[in-house]
């Protein structure tokens with residue numbers, strides 16, 4: 001069975017699945033920033049542990065579902081298929097050599113390590129490895145290949161391309177296993193959406209989103225297991241990874257360092273900003289976008305509609321524009337996001353709005369619509385990002401409704417200051 | 001004195017092409033030149049294929065070609081934008097040269113359609 005045949009689409013909610021496990025697309029800027037946020041909150045050692053555990057859990061869910069759908073039963077079949085899935089996702093091509101007692105894995109091209117070296121390698125010296133996601137994947141693949149319980153295998157990355165090693169290398173060792181938590185699959189996700197609503201410019205947004213979803217269906221890892229698209233490295237990724245890292249981190253900070261909560265929440269919102277600035281921005285400036293939609297017009301209402309369509313096209317859920325008054329106010333709503341099902345299933349009802357990613361994204365959409373001269377081929381550099389987002393604040397965002405809290409919809413209001 | 005016709009541009013007009021870097025997040029990987037939007041795109045696409053580039057499925061109004069070295073050439077027919085993408089595995093110091101080679105293929109396809117580009 002071809003991997004692409006395992007894809008599923010919940011079209012009316014713009015949610016995508018692989019073997020009925022949710023997946024989305026994110027770029028390397030977001031992925032690196034997200035990981036850095038977790039480390040900033042918890043410290044490098046604990047951050048790495050949380051990120052590795054989250055990847056481990058997320059890939060166990062995905063690979064178990066893939067093996068079942070594909071009828072892969074032997075260890076060799078499963079390890080081979082797991083490696084192909086990982087490469088197809090754009091996470092990198094990994095060589096895995098393992099038995100039920102552990103083993104090793106290596107790769108010269110992993111999404112995180114390779115992209116980190118491209119982005120920072122000439123300016124920043126790094127000593128700690130960058131590939132917690134690949135580490136978690138390797139442990140999950142080994143466990144499932146040999147029918148071991150969750151966490152029966154531990155992984156440590158001891159060489160990393162980001163730390164100037166020639167390749168990334170991982171040691172897999174036996175550990176104490178335990179029962180895995182139930183998977184957050186498509187059936188679970190469907191329990192936590194509400195019927196899609198029509199927003200402003202709905203017909204155009206739906207049409208563009210459908211075109212982008214179709215384009216993304218043709219995107220997959222190359223011979224190195226990487227995806228270079230829209231001038232960034234893109235990877236299909238598991239919401240389970242993002243959600244577990246974010247919510248485990250924020251809950252822990254709330255328990256142990258309550259004074260730090262606002263700062264950590266701000267960082268998590270900023271990850272959403274980084275996503276919109278880098279991923280959405282580069283999509284808007286790409287030849288592919290020109291072919292699908294046309295060159296950017298720079299009209300704020302267009303930019304807002306286009307960003308909403310991009311969010312849907314990347315599998316982020318059914319985002320819609322409820323109100324938009326240029327330079328003054330945006331009301332963004334979601335009838336589904338990739339966060340809700342995870343949070344409600346794992347933690348129950350939230351006590352306050354928790355959709356940090358979309359909060360930051362909404363703020364950035366307002367900024368991109370108002371402050372970027374799209375027709376003048378803007379340069380989406382780090383300096384421009386700093387100029388847009390780290391100077392005097394122009395807007396504030398408030399999440400007024402949250403499906404994680406039990407509200408009927410999620411709503412984000414951005415107002416000019 | 002009359003200008004030499006450039007077949008793929010479809011008219012006897014002097015056209016100046018400049019290769020310059022697109023500002024991208026992966027350093028020096030994407031380069032660009034601009035052709036008149038009214039160019040004869042099917043003729044240019046055929047000439048690029050004859051020059052050894054491999055056509056890929058078009059995307060809307062975008063012609064896409066792969067090069068044997070992993071590069072890519074995209075022709076946005078609606079706007080005239082041409083993007084040259086160097087493969088990310090090419091070392092950073094060699095990316096400009098790789099882009100210039102793709103640009104050279106385009107120039108030869110424009111002025112000498114059907115004839116191979118010298119190495």
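Give me A:86, A:137, A:33, B:65 sorted ascending by neighbouring Cβ count inside 10 Å, so fewest comes first.
In order of increasing Cβ crowding within 10 Å: A:33, B:65, A:86, A:137.
At a Förster distance of 22 Å, what's the computed FRET efficiency of residue A:261 paired with residue A:46, Cβ-Cβ distance as r, to 0.05?
Numbers: r = 17 Å, r/R0 = 0.76.
That gives a FRET efficiency of 0.85.
For residue A:400, project a label point 7 Å along Cα to C-beta. Then give me every residue of segment A:323-366 with its amide nitrogen under 14 Å of that point.
A:323-325, A:329-334
For labels at residue B:107 and residue A:219 in the simple 7 Å Cα→Cβ model, what's the distance in nm?
3.3
Provide the three semi-axes, in whole Å and in decreasing order, of the ellipsoid equivalent to segment A:217-270 as defined by the square roots of 5 times the Cα gyration tensor eigenvalues.
Working: eigenvalues 225, 30, 12 Å².
Calculated on Cα positions only, the semi-axes equal 34, 12, 8 Å.
Divide by every residue of the protein assembly as shown the summed helix terms, -39500 (n - 2.57) for each DSSP H run of at least 4, and state the resulting mean residue ellipticity at 222 nm, rounded to the nearest 500 deg cm²/dmol.
Details: 17 runs with 217 residues, N = 536.
That calculation yields -13000 deg cm²/dmol at 222 nm.
On alpha carbon coordinates alone, what is the Rg over Rh value for segment A:157-276, Rh being the Kirkwood radius?
Details: Rg = 19.7 Å, Rh = 19.3 Å.
So for segment A:157-276, dividing Rg by the Kirkwood Rh gives 1.02.
Would you please report the Å³ per residue occupied by the convex hull of the alpha carbon atoms in the protein assembly as shown?
Working: hull volume 81.5 nm³, N = 536.
Measuring per residue, one finds 152 Å³ for the Cα hull of the protein assembly as shown.
With the alpha-carbon atoms as the only input, what is the per residue convex hull volume for segment A:331-401 in Å³?
On the way: hull volume 9.1 nm³, N = 71.
Hull volume over Cα atoms, normalised by residue count, gives 128 Å³.
Can you sort A:251, A:26 from fewest to most other Cβ atoms within 10 Å of each residue's own Cβ? Mind dumping the intermediate values first?
Details: A:251 11, A:26 27.
Sorted ascending by nearby Cβ count, the order is A:251, A:26.
Can you pull a Stokes-Einstein diffusion coefficient for segment A:273-405 at 20 °C (1.002 mPa s), Rh from Kirkwood over Cα pairs, as a whole number of µm²/s?
Values: Rh = 15.5 Å.
Value of D from the Cα-based Kirkwood radius: 138 µm²/s.
Considering every residue in A:114-120, what mean count of other chain Cβ atoms within 10 Å of its Cβ is obtained?
Working: counts 2, 3, 0, 0, 6, 3, 0.
Neighbouring Cβ atoms belonging to other protein chains average 2 per residue here.
For segment B:25-102 and segment A:276-290, what is the separation of their Cα centres, given in Å?
Each part's Cα centre sits 17 Å from the other's.
With labels modelled as points extended 7 Å from the Cα through the Cβ direction, what inter-label distance (nm, one decimal) is found for residue B:15 paired with residue A:69?
About 4.5 nm, to one decimal.
What do you get for the angle between helix A:44-70 and the principal long axis of chain A? Use alpha-carbon atoms, 0 to 90 degrees, nearest ten.
80
Take the Cβ-Cβ distance between residue A:409 and residue A:181 as r, set R0 to 35 Å, and report the resulting FRET efficiency rounded to the nearest 0.05. Write down the numbers at each step before the final one.
Details: r = 27 Å, r/R0 = 0.78.
Taking R0 as 35 Å, the efficiency between residue A:409 and residue A:181 is 0.80.
With viscosity set to 1.002 mPa s at 20 °C, what whole-number translational diffusion coefficient in µm²/s follows for segment A:89-245 from Stokes-Einstein and a Kirkwood radius over Cα pairs?
119
Taking each residue of A:288-301 in turn, how many C-beta atoms of other protein chains fall within 10 Å of its C-beta, and what is the average?
Values: counts 7, 4, 11, 14, 4, 2, 5, 4, 0, 0, 0, 0, 0, 0.
Counting Cβ atoms of other protein chains within 10 Å of each residue's Cβ and averaging gives 4.
Across peptide B:88-99, what mean number of C-beta atoms from other chains lies inside 10 Å of a residue's C-beta? Please report the intermediate quantities before stating the final value.
On the way: counts 9, 8, 0, 0, 3, 0, 0, 0, 0, 0, 0, 0.
Mean partner-chain Cβ count within 10 Å for B:88-99: 2.
Compute the helix-to-body angle for A:239-256: its Cα long axis versus the longest principal axis of chain A, expressed 0 to 90° and rounded to tens.
80
If you average over every viewing direction, what projected area does the convex hull of the Cα atoms of segment A:1-153 give, in nm²?
Values: hull surface 38.4 nm².
Result: a mean projected hull area of 9.6 nm².
What is the ratio of the Cα radius of gyration of segment A:90-169 to 2.2 N^0.38 Å, where N is its residue count, to two decimals? Write down the numbers at each step before the final one.
On the way: Rg = 13.1 Å, N = 80, 2.2 N^0.38 = 11.6 Å.
Relative to the 2.2 N^0.38 Å estimate, segment A:90-169 comes out at 1.12.
Over all directions, average the projected area of the Cα convex hull of segment A:176-216 and note it in nm². Numbers along the way, then the final one.
Details: hull surface 21.3 nm².
The directionally averaged projection comes out at 5.3 nm².
Fewest first, what order do A:256, A:48 take by the number of other Cβ atoms within 10 Å?
Working: A:256 9, A:48 22.
Lowest count first: A:256, A:48.
We did not get these values from a lab; they are worked out from the coordinates using the rules stated. Quick caveat: nothing in here was measured; it's all calculated off a predicted structure. Quick reminder, even Gly has a Cβ in these numbers, built from the backbone with ideal geometry, and neighbours come from all protein chains shown.
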